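Heads up, the thing below is written out as structure tokens.
Read-outs throughout are calculated quantities, based only on the coordinates presented, and are distinct from any laboratory measurement. Not measured: the values here are computed from a predicted model. When we count neighbours, we look across all protein chains shown, and the Cβ atoms used for this are built from the backbone with ideal geometry, even at glycine.
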């Protein structure tokens, strides 16, 4: 009888331990994440790639969801991470937070981040990410903190941001963002930062201005007006705003917001892959062509009127070509140098 009870206990314990492990797809996604971000050179990588439960891996948090264990958080800051965020991040579908501030991650933000429907916090401050933000971010309706400060992101903040109605913190300062931003549907915003960007207008009339604890829009040379709930209140209480900015209460008083955004015409970058000259074909007037390494380092640039760039002097690998127009628009394209 005792032998039978002992055997039953062992089987139950084994079943519990097996169930306590995250799915193989999640574990594999973490391995890819480790390799894509230079894991072997991290300052700390305790537990990673061992047979121990991933809950013991440095910076990883798991929770039991619907009876099974899943990865819900990645928090690894100031840890010498170098590389890029892999598309396999979508294989961690229960992620609630990704916090990777103060590293040296680069490249573009993968569209697959938009498939993380449970994501609440995306913190990527002080890295080297570049290019336009994927519109798929608009799928993240549970997002409450989007912190992208001190990167090289460019392009505009599209209408997708209106879907993020749970946002309380929106920090995009010290990037190359331009165009207009409509935050009129984001009625829970508490702290925002737009400083050191190329933004031209902001619609911040969302019914919650009186509850905003921090609003920063300094050194934004193209910014001329901000639509708000109460112009007098914002003028009095929001001190970190450039002198040329006017607070107004209707979009009609803010010219950039009253004009539909011009669509960026088609740009073709070819050949891809390449072993030398890359051609840029577009009807737009090009201001400059910038080439970044896979970790976001600027390695080459050419200004108007060039429509080609020679990569023959660069090492083999993946690069990102950012094309900027005279109208201030920009698009980024990955290209393989053979």
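Annotations
- Cα pair distances in the chain, grouped into 10 Å bins until the bin that holds the longest one, percent each: 5, 22, 28, 23, 13, 5, 2, 1, 0
- Relative contact order (%) - the range 267-337, alpha-carbon pairs under 8 angstrom, separation at least six: 34
- Cβ crowding within 10 Å averaged over residues, with 38-48, 216-226 ranked highest first: 216-226, 38-48
- Of the peptides 240-247, 30-37, the ranking by mean beta-carbon count within 10 Å, highest at the top, reads 30-37, 240-247.
- Of interest is the spacing of the C-alpha centroids, which for the range 29-45 and the range 101-122 amounts to 15 Å.
- Computed over the chain, the per-residue total of -39500 (n - 2.57) for DSSP H runs of n ≥ 4 gives a 222 nm mean residue ellipticity of -4000 deg cm²/dmol, rounded to 500.
- All-pairs alpha carbon distance profile, the range 267-337, 5 Å steps from 0, percent: 4, 17, 34, 26, 14, 5, 0
- Measuring nothing but how far apart in sequence close Cα pairs (under 8 Å, 6+ apart) lie, relative to its length, the chain scores a relative contact order of 10 percent.
- Taking a ≥ b ≥ c as the square roots of the eigenvalues of the alpha-carbon gyration tensor, the range 57-118 is classed oblate because a/c is 1.5 or more while a/b is no larger than b/c.
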